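Chemist: Could you have a look at this structure, given as structure tokens, before my questions?
The values are calculated or read from the model by the stated rules, or taken from the named source; none is laboratory data. In this text, all values refer to a predicted model and were calculated from it rather than measured experimentally. Cβ atoms come from the backbone with ideal geometry, glycine included; neighbour counts cover every protein chain shown.
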Ligand SMILES: Cc1cc2nc3c(=O)[nH]c(=O)nc-3n(C[C@H](O)[C@H](O)[C@H](O)COP(=O)(O)O)c2cc1C
């Protein structure tokens, strides 16, 4: 079984590609969270993969929320692995997942990091399309190698080449994580066409449509699905994001 979370669908692509190579099944954590599905059962000898993006050198906030409620039935030392997609640095994501699993009495055996196009536009603009294409090609080639290692049930932790020193990801990452669950900075411009896609697709149900416009209230996981999948790029996080491009994995186009 592969449980995945994804904002702009890099992690969804990896989860689905792995499932195909491993003959496995995939479940979206975002959808499960919305449907309040909290119990999953592992079959005899079945492996469990957790695939998600890296947020602030850690796991996205929704993973904490999901794991708080999660029950995994049937675990008898099954092979457990994490796969993290990130712009460049996976930081402490592996450690974070290992801790969440430990609390459930589950041991993580392996984790793998994959560099993919960066979607954090409050900090940087999206990469040029040719650079994105190169990264996606490299990621597509890396996935079968990860699948082979999973099939072989390797015990290994593989970080990206550019991973920063631990002290950096723990101090800066933890500070960043503190502000990560509040949707304060989101706003919508007059370009909004009131299509409601942002509200329908929000994995944390943070967005509601009020008078035809999105309103962010409550906790948020900052996946930026609303920002990148808005068909008219009307959703912003700052003045800077108005001038920046939008990204989503090309395998999952705008509706
Ligand atoms: C809030 C946020 C924080 C991020 N932090 C990091 C980070 O610490 N390191 C990194 O390499 N990429 C970071 N990224 C980039 C994403 O990890 C990367 O683009 C990922 O592949 C997106 O996956 P998704 O399409 O499945 O959502 C961040 C993205 C977001 C939205």
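Chemist: Can you tell me which residues in region 1-23 are part of a loop (DSSP other than H, G, I, E, B), under 23 Å from residue 230 (Cα atoms) and either more than 13 Å from the ligand (Cβ to nearest atom) or out of contact with any helix residue (DSSP H, G or I) (no Cβ under 6 Å at 6 or more places or on another chain) (or both)?
Modeler: Let us first name the residues in region 1-23 that are part of a loop (DSSP other than H, G, I, E, B), namely 1, 5-9, 23.
With under 23 Å from residue 230 (Cα atoms) added as a condition, the list becomes 5-9.
9 - this is the single residue of region 1-23 that is part of a loop (DSSP other than H, G, I, E, B), under 23 Å from residue 230 (Cα atoms) and either more than 13 Å from the ligand (Cβ to nearest atom) or out of contact with any helix residue (DSSP H, G or I) (no Cβ under 6 Å at 6 or more places or on another chain) (or both).
Chemist: Something else now. Assuming residue 121 fulfils every condition listed in (1) surrounded by 17 or more Cβ atoms within 10 Å (Cβ to Cβ); (2) in a loop (DSSP other than H, G, I, E, B); (3) at pLDDT 95 or above; (4) in contact with a strand residue (DSSP E or B) (Cβ under 8 Å, 6 or more places away or on another chain) apart from one, which condition is it?
Modeler: (4)
Chemist: Is region 208-222 home to any residue that is within 14 Å of the ligand (Cβ to nearest atom) and closer than 14 Å to residue 6 by Cβ?
Modeler: Yes: one or more hits.
Chemist: Within region 74-97, track down each residue that is closer than 30 Å to residue 127 by Cβ and not in a loop (DSSP other than H, G, I, E, B). Explain how you work it out, then say what you get.
Modeler: Of all residues in region 74-97, those closer than 30 Å to residue 127 by Cβ come to 81-97.
81, 82, 83, 84, 85, 86, 93, 94, 95, 96, 97 - these are the residues of region 74-97 that are closer than 30 Å to residue 127 by Cβ and not in a loop (DSSP other than H, G, I, E, B).
Chemist: Kindly provide the set of residues from region 24-40 that are in contact with a helix residue (DSSP H, G or I) (Cβ under 6 Å, 6 or more places away or on another chain) and either within 16 Å of the ligand (Cβ to nearest atom) or part of a strand (DSSP E or B) (or both), ordered by number.
Modeler: 26, 29, 33
Chemist: Can you find even one residue in region 103-117 that is out of contact with any strand residue (DSSP E or B) (no Cβ under 9 Å at 6 or more places or on another chain) and touching a residue at least 40 places away in the same chain (Cβ under 8 Å)?
Modeler: Looking through region 103-117, at least one residue is out of contact with any strand residue (DSSP E or B) (no Cβ under 9 Å at 6 or more places or on another chain) and touching a residue at least 40 places away in the same chain (Cβ under 8 Å).
Chemist: Could you list, in sequence order, the residues of region 53-65 that are in a strand (DSSP E or B) and more than 7 Å from the ligand (Cβ to nearest atom)?
Modeler: 58
Chemist: Next question, about the same structure. Take residue 237 and tell me if it is exposed (fewer than 15 other Cβ atoms within 10 Å of the Cβ) and within 21 Å of the chain's Cα centre (by Cα).
Modeler: Against the criterion (exposed (fewer than 15 other Cβ atoms within 10 Å of the Cβ) and within 21 Å of the chain's Cα centre (by Cα)), residue 237 does not qualify.
Chemist: Moving to a separate point now. For residue 169, indicate whether it is under 20 Å from the mean Cα position of the chain (by Cα) and within 12 Å of the ligand (Cβ to nearest atom). Talk me through it step by step, then tell me what you get.
Modeler: Numbers: under 20 Å from the mean Cα position of the chain (by Cα): yes; within 12 Å of the ligand (Cβ to nearest atom): yes.
When the stated conditions are applied, residue 169 passes them.
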